[in-house]
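For reference, the structure is listed below as structure tokens.
The values are calculated or read from the model by the stated rules, or taken from the named source; none is laboratory data. Computed from a prediction, not measured in an experiment: that's the story for all the values here. Cβ sites come from the backbone with ideal geometry, for glycine too, and all protein chains shown count toward neighbours. Quick note on the areas: whole protein, heavy atoms, side chains included, nothing else; ligands and nucleic acids left out. Shrake-Rupley method; radii C 1.70, N 1.55, O 1.52, S 1.80 Å.
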Amino acid sequence: MDNLMDTARSLVPLFDVPFTTCDIRPHGNGHINDTFLLTPSSGASCILQRVSPAAFHHPEYVMENMVKVTQVLRQAVLQRGGDPEREALTLIPLKTGESFTRSADGSAWRMMRFIDHTVSKDLPDDGEMFMQSGIAFGRFQRDLADFPADTLHETIPHFHDTPVRLEAFQAALSSDVCRRAASCRDVIDLYLARSGLEGLEDLIHKDNHHG
């Protein structure tokens, strides 16, 4: 983590922000990307994030998608009279205009405006929060209803492909490299009992076929 902190600090001057020095500390509890909160002595805080090279082999695709979707969402928020600074991400480009940079090891780094006075929840506190999350997701879907999805890159092939996921799971179960299958047999049995249910990919294909 110390090496990543040093790298993060060295990259800050490349981005289009009105500061070159700031307090930097890890932020959040995500387990894919590495996220840091940048707090300057004055002005707005920012998020600097290392896109996981293990999860995303083509970060340029990730960023192209992010730029396109964020632009559409910000316009949708404006059209309904909302505040895009709080209701959508604000990407901060490099001083040269690009949406991300790469560190010496090839990792991609991006920056966003930090939305203060907010919290991120892994689980809802109560039913009301759960309902509001559904409303927010519905608004997100509505705002992107006319977005040409075929213009986006598939950043992780077969991510929502249920048959491929099941095949990979069964292969991992058969090899049981770490010898852990016996300790979680109840969860494995629960998963396998539901393996015949349709996944998202199946439902999409069925809908397209009937359409």
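Of all residues assigned to the range 22-39, at least one qualifies as being aliphatic (A, V, I, L, M), touching a Pro at 6+ places or on another chain (Cβ under 9 Å) and either in contact (Cβ under 8 Å) with a residue 40 or more places away in the chain or over 21 Å from Thr151 (Cα atoms) (or both).
Among the residues making up the range 153-163, none is at pLDDT 85 or above and more than 19 Å from His57 (Cα to Cα). Among the residues in the range 85-92, are any among the aliphatic types (A, V, I, L, M) and open to solvent by 60 Å² or more (accessible area, probe 1.4 Å)? Looking through the range 85-92, at least one residue is among the aliphatic types (A, V, I, L, M) and open to solvent by 60 Å² or more (accessible area, probe 1.4 Å). Within the range 18-34, being open to solvent by less than 30 Å² (accessible area, probe 1.4 Å) and of a type in the set (Val, Ile, Thr) holds for one residue alone: Ile24. Tallying residues that are open to solvent by 50 Å² or more (accessible area, probe 1.4 Å) and under 19 Å from Glu98 (Cα atoms) within the range 54-71 yields 7.
May I ask you to list the residues in the range 5-15 that are open to solvent by 50 Å² or more (accessible area, probe 1.4 Å) and in contact with a strand residue (DSSP E or B) (Cβ under 6 Å, 6 or more places away or on another chain)? Answer for the range 5-15, where residues must be open to solvent by 50 Å² or more (accessible area, probe 1.4 Å) and in contact with a strand residue (DSSP E or B) (Cβ under 6 Å, 6 or more places away or on another chain): Arg9, Leu14. Among residues of the range 175-197 being closer than 15 Å to Arg165 by Cα and open to solvent by 100 Å² or more (accessible area, probe 1.4 Å), the one that is modelled with the lowest pLDDT is Leu197. Look at the range 108-139 and say how many of its residues are surrounded by 14 or more Cβ atoms within 10 Å (Cβ to Cβ) and not in a loop (DSSP other than H, G, I, E, B). The number of residues fulfilling the criteria is 7.
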